[in-house]
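Report on the following structure.
The values are calculated or read from the model by the stated rules, or taken from the named source; none is laboratory data. Everything numeric here is computed off the predicted structure, so don't read it as measured data. Heads up, the Cβs are rebuilt from the backbone with ideal geometry, glycines too, and the neighbour counts pull from every protein chain shown.
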């Protein structure tokens, strides 16, 4: 149960599988050094606006693809100005400037990352909608070595489709171990 305020509605696996096979909606691995603003054309060319209510899977796919592409325009336009963000064990930060700094410091050693969505769940917590995304994220380093770790993101969204609260639950130990191994080899 998400947030205790209402039962979570599990998005049917058949629906997710069908949506995953849709070529227009398929997620892509994109170099995170790509020019900001270009991910929109790569991710959802000439398609109507998707929001978390009418298509939570497409909304999640769009958000994570923008993250993978490093498209800060899409990412930060998705947040409410006073949003709360927490990455792993780090202390929560508030506001878009603080979120930008926090997300920038996390994966500096990776040249690209790719989220493979495993499931999407929706629910309610008070007056906020909740979208929970389970994924495997693969970080690829400058030497083309890669490490994949599971991640779950719980996102609370206002009625205006802006993110009020974004929490990423991840164990970065395998990522840090890979970074240390690369440092030893240098």
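Descriptive notes on the structure:
- The single residue among 127, 171 that is under 24 Å from residue 58 (Cα atoms) and over 13 Å from the mean Cα position of the chain (by Cα) turns out to be 127.
- Only one entry in 149, 120, 137, 131 is surrounded by 14 or more Cβ atoms within 10 Å (Cβ to Cβ), assigned to a strand (DSSP E or B), free of Cβ contacts under 8 Å to residues at least 60 places away in the same chain and touching a helix residue (DSSP H, G or I) at 6+ places or on another chain (Cβ under 8 Å), namely 149.
- Residue match in the range 140-151 (condition: closer than 27 Å to residue 51 by Cβ and modelled with pLDDT of 95 or more): yes
- Test: residue in the range 170-183 that is at negative phi, surrounded by 13 or more Cβ atoms within 10 Å (Cβ to Cβ), in contact (Cβ under 8 Å) with a residue 24 or more places away in the chain and assigned to a strand (DSSP E or B): yes
- When the range 72-89 is limited to residues that are modelled with pLDDT under 90 and not in a helix (DSSP H, G or I), the one that is surrounded by the most Cβ atoms within 10 Å (Cβ to Cβ) turns out to be 88.
- A residue that is more than 18 Å from residue 55 (Cα to Cα) and either part of a loop (DSSP other than H, G, I, E, B) or free of Cβ contacts under 8 Å to residues at least 24 places away in the same chain (or both) cannot be found anywhere in the range 154-169.
- Residues (within 17 Å of residue 137 (Cβ to Cβ) and touching a residue at least 40 places away in the same chain (Cβ under 8 Å)) located in the range 71-92: 85, 86, 87, 88
- Residue that is free of Cβ contacts under 8 Å to residues at least 12 places away in the same chain and either farther than 26 Å from residue 58 by Cβ or in contact with a strand residue (DSSP E or B) (Cβ under 8 Å, 6 or more places away or on another chain) (or both), where the choices are 104, 95: 104
- Residue 98 being at pLDDT 90 or above, over 17 Å from residue 172 (Cβ atoms) and not in a strand (DSSP E or B): yes
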